[in-house]
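First the structure, in the form of structure tokens, and then the observations on it.
The values are calculated or read from the model by the stated rules, or taken from the named source; none is laboratory data. In this text the structure is predicted, and so the values were computed from the model without any measurement. Here Cβ is always computed from backbone atoms with ideal geometry, including for glycine, and neighbour counts include all displayed protein chains.
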Amino acid sequence: MVKTSTILSISIGILLIIGGVWVGQNVDLLPVDASTNAPVYDELFKVLFSIGTILFVGITGLVIYSLIKFRRRPGDSGDGQPIEGNLPLEIFWTAVPAIVILFVGIYSYDIYDRMGGMQPLSNNAHNHHEMSTQQRLWGGIGSGSVSSSTPGEEEPIPIEVTAMQFAFLFHYPKGDIISGELHVPTGHPITMRMESKDVIHAFWVPEFRLKQDVIPGQPTILNFTPTKPGRYPIICAELCGPYHGGMRSTVVVEGMDEYQEWFNKNSKTVETTA
């Protein structure tokens, strides 16, 4: 017959799993999602939050139970029982963490790939297409207005980002605009070429679920599409000096009409639209 303790352990394990999954799916600790990348990242966060809840509650409960159950009783001055060599338990606590870590690693890689993190490792034809697109954008053809090089496909708006101690500057090449705030239109793809003038910085917008290092002498590219109008903080997430904590800016996500009005008002060049 199955021992009562075994049935109880299995029941507690099932309750922990159900409770952990519920917490991961229903307790939202993240800021508002404001880019197309955010829902993809949030899937991974929910899985990790569920696993973390199960481990935290399970281990904490086991420790509290052990402190009460196996505490030294009054008058007991002897040594504890010399228990060792529980092979099933050793297999369990080795196999389960290994499976969980393998699952998290594979799932994290899949999320990273879906967010575009593995694009540089794609085939040569894709790399050639990406390079041609970047050359066209940074060659001065891209602008602040909506344009399309392929029918049905919006061309990203190129923005040059310069990081320095302790500020971000945003340059819109076609309009020759330099701004301390990042202005982008809702629902339109953005491509940013980022470079530092001094030390390593990091461009981080929590609501976009995006963070990219900004490195001196080695430009990095960050692509995203904002989805919700609003003002969101830009934070330097790399320790860059004594005033690192004050290195902040704002990304202003607005409708296309509002963005175009801002662009035309600040542009130093004459815009012509068909």
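Considering only segment 168-177, I want to know if a residue exists there that is at pLDDT 95 or above, more than 21 Å from residue 33 (Cβ to Cβ) and among the aromatic types (Phe, Trp, Tyr).
yes
In this structure, does residue 33 turn out to be in the same structural domain as residue 110 (by TED's automatic domain parsing), free of Cβ contacts under 8 Å to residues at least 60 places away in the same chain, out of contact with any Phe, Trp or Tyr (no Cβ under 6 Å at 6 or more places or on another chain) and among the acidic types (Asp, Glu)?
Numbers: in the same structural domain as residue 110 (by TED's automatic domain parsing): yes; free of Cβ contacts under 8 Å to residues at least 60 places away in the same chain: no; out of contact with any Phe, Trp or Tyr (no Cβ under 6 Å at 6 or more places or on another chain): yes; among the acidic types (Asp, Glu): yes.
So residue 33 does not fit the description; no.
Take residue 8 and decide whether it is modelled with pLDDT under 90, part of a helix (DSSP H, G or I) and either of a type in the set (Asp, Glu) or not assigned by TED's automatic domain parsing to the domain that holds residue 205 (or both).
Criteria met by residue 8.
Quick check on segment 45-101: of everything there that is hydroxyl-bearing (Ser, Thr, Tyr) and under 40 Å from the mean Cα position of the chain (by Cα), which residue is nearest to residue 209 (Cα to Cα)? Give the steps one after another, and end with the answer.
Start the filter on segment 45-101 by keeping residues that are hydroxyl-bearing (Ser, Thr, Tyr), which leaves 50, 53, 60, 65-66, 77, 94.
This time we only want the ones that are under 40 Å from the mean Cα position of the chain (by Cα), so: 50, 53, 60, 65-66, 94.
On the way: 50: 19, 53: 22, 60: 31, 65: 39, 66: 40, 94: 33 Å.
Here the answer is 50.
Quick grid of which residues meet (1) without any contact (Cβ under 8 Å) to a residue 40 or more places away in the chain; (2) within 22 Å of residue 264 (Cα to Cα); (3) in the same structural domain as residue 29 (by TED's automatic domain parsing):
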| position | (1), (2), (3) |
| --- | --- |
| 174 | no, yes, no |
| 180 | no, yes, no |
| 185 | no, yes, no |
| 188 | no, yes, no |
| 208 | no, no, no |
| 219 | yes, no, no |
| 236 | no, no, no |
| 240 | no, no, no |
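Okay, residues lined up against (1) over 13 Å from residue 161 (Cα atoms); (2) more than 20 Å from the chain's Cα centre (by Cα):
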position	(1), (2)
215	no, no
247	yes, no
259	yes, yes
262	yes, yes
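Being outside any helix (DSSP H, G or I) and within 30 Å of residue 187 (Cα to Cα) narrows it down to one residue among 32, 40, 47; which is it? Show your work before the answer.
On the way: 40 fails: outside any helix (DSSP H, G or I); 47 fails: outside any helix (DSSP H, G or I).
After ruling out the rest, the residue left standing is 32.
Inside segment 217-234, can you point out the residues that are within 16 Å of residue 161 (Cβ to Cβ), modelled with pLDDT of 95 or more and surrounded by fewer than 17 Cβ atoms within 10 Å (Cβ to Cβ)?
Matches in segment 217-234: 233 only.
If we keep just the residues of segment 239-256 that are assigned to a helix (DSSP H, G or I) and touching a strand residue (DSSP E or B) at 6+ places or on another chain (Cβ under 8 Å), which is surrounded by the fewest Cβ atoms within 10 Å (Cβ to Cβ)? Can you show your working first?
Pass one, segment 239-256, residues assigned to a helix (DSSP H, G or I): 244-246, 256.
Remaining after also requiring touching a strand residue (DSSP E or B) at 6+ places or on another chain (Cβ under 8 Å): 244, 256.
Numbers: 244: 16, 256: 13.
Looking at the filtered set, the residue picked out is 256.
Can you find a residue that is exposed (fewer than 15 other Cβ atoms within 10 Å of the Cβ) and under 30 Å from residue 29 (Cα atoms) anywhere in segment 257-267?
Within segment 257-267 (the criterion being exposed (fewer than 15 other Cβ atoms within 10 Å of the Cβ) and under 30 Å from residue 29 (Cα atoms)), the answer is no, since none of the residues qualifies.
List the residue pairs whose Cβ atoms are under 7 Å apart, where the first residue sits in segment 1-22 and is in contact (Cβ under 8 Å) with a residue 40 or more places away in the chain and surrounded by fewer than 10 Cβ atoms within 10 Å (Cβ to Cβ), the second is part of a helix (DSSP H, G or I) and of a type in the set (Phe, Trp, Tyr), and the two are 6 or more positions apart or on different chains.
Correct list of pairs: empty, since none qualify.
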